[in-house]
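Here's the structure we're looking at; comments come further down.
The values are calculated or read from the model by the stated rules, or taken from the named source; none is laboratory data. Just so we're clear, the structure is a prediction, and the values are computed from it rather than from any experiment. Neighbour counts are summed over all protein chains in view; Cβ atoms, including those assigned to glycine, are modelled from backbone coordinates with ideal geometry.
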């Protein structure tokens, strides 16, 4: 029951996070324009590298270790202090190098300095601790409050292209303040540090093991924007970033189960209950695909109208990028289930690391030639192919440990329903005489109805089980 509650809390928060950009993106894109959005995307991609090196693999590793030790209050407290002080040291070093970089960067210096707030926020981030305890309510409530305040500030204070620095300041400061508000809750679970029992060095090797896949993943999360900004211009980086934002909004919903199930599955694995691990993975994969297929198909179908409504006509180039990147929703959903919900909780870090490394290598090999030939479209194609390589590698690896086919038993039903829905929506948008906003709203509602009706006809087992479960509870 706790897993269900945590999923609902996390899903509720992800829906809220979904609504925020939907409200702010149309406004900010029109006020700041392609150049302003591009500068923010480019400079933020740079600071993310320093955040990566500052936090190492401590976030995912800490989440897992807390889940392992949460039944032992003394070990739990020691784990927290060891990892916290370790991260303060590593992020301190990252801050020093970042300031050195800013001093020699020349262009965009003021924006780099403000982006540094994200680096400071990462130093005091303790959300991994509460996630490991499966206390999602604490992080959700505090972050929601801070984000509402930032939303109000964006609409009241961002008025022109000259307010780009203020926009970045609001985003960075809200992240920092949000992390600060979590600190008072630690006293419920953490005792005073016992310095004689601290052993920082034992965490070096496993955090580095977690760090390697994060380095690789950042290659195709941030490097595309960095390379587009350097090779093509900051506007190209802005186009890519706007498309990526929409995909990440949808991915936040699709992968919400991963955040919830990682500590739960790690705890089941620590107790030796492998059956519970496989059962949770199978249910999670079916639920992910149930959501991912229609999201990808629907977004690809409405991308031209969606782009005009949300970003304005200056961002027309984003339409094609959204249609291409929509495939990532499915691919990342699969790799999230296998990698985050199975490989990491069961302490199979190496294959997870290799899979992400394969994706990064594919991305690097394809990025330069495809960007030089097709610009942002080339970068997006490289992203899709790299995510495909990650999913294929992980599925190939785990086939020796489980029946991989059982994870996709009825996925063809979701796929057929999604494809038919997408085709109908595309046709619908070409014949109705409404304005763009009404077209978008009506096509989304129509898509939900069509997808639901086709699934009712196909009767997938997951939906039948959910209905039966709801009847039992009532």
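Between 89, 23, 124, 110, the distinction of being at negative phi and either crowded, with 22+ Cβ neighbours inside 10 Å or modelled with pLDDT under 85 (or both) belongs to 23 only.
The sole residue among 62, 54 that is within 25 Å of the chain's Cα centre (by Cα), within 21 Å of residue 223 (Cα to Cα) and in a helix (DSSP H, G or I) is 54. Applying the criterion of being touching a helix residue (DSSP H, G or I) at 6+ places or on another chain (Cβ under 6 Å) and outside any helix (DSSP H, G or I) to the residues of the stretch 345-374, the residue that is nearest to residue 238 (Cα to Cα) is 345.
Here the stretch 175-201 is the region considered, the condition is being free of Cβ contacts under 8 Å to residues at least 40 places away in the same chain and more than 12 Å from residue 126 (Cα to Cα), and the residue that is surrounded by the fewest Cβ atoms within 10 Å (Cβ to Cβ) is 196. Residue 75 satisfies every condition listed in (1) closer than 27 Å to residue 227 by Cα; (2) without any contact (Cβ under 8 Å) to a residue 24 or more places away in the chain; (3) in a helix (DSSP H, G or I) except (1). When restricted to residues that are more than 25 Å from residue 209 (Cα to Cα), touching a helix residue (DSSP H, G or I) at 6+ places or on another chain (Cβ under 8 Å) and assigned to a helix (DSSP H, G or I), the stretch 385-412 contains 5.
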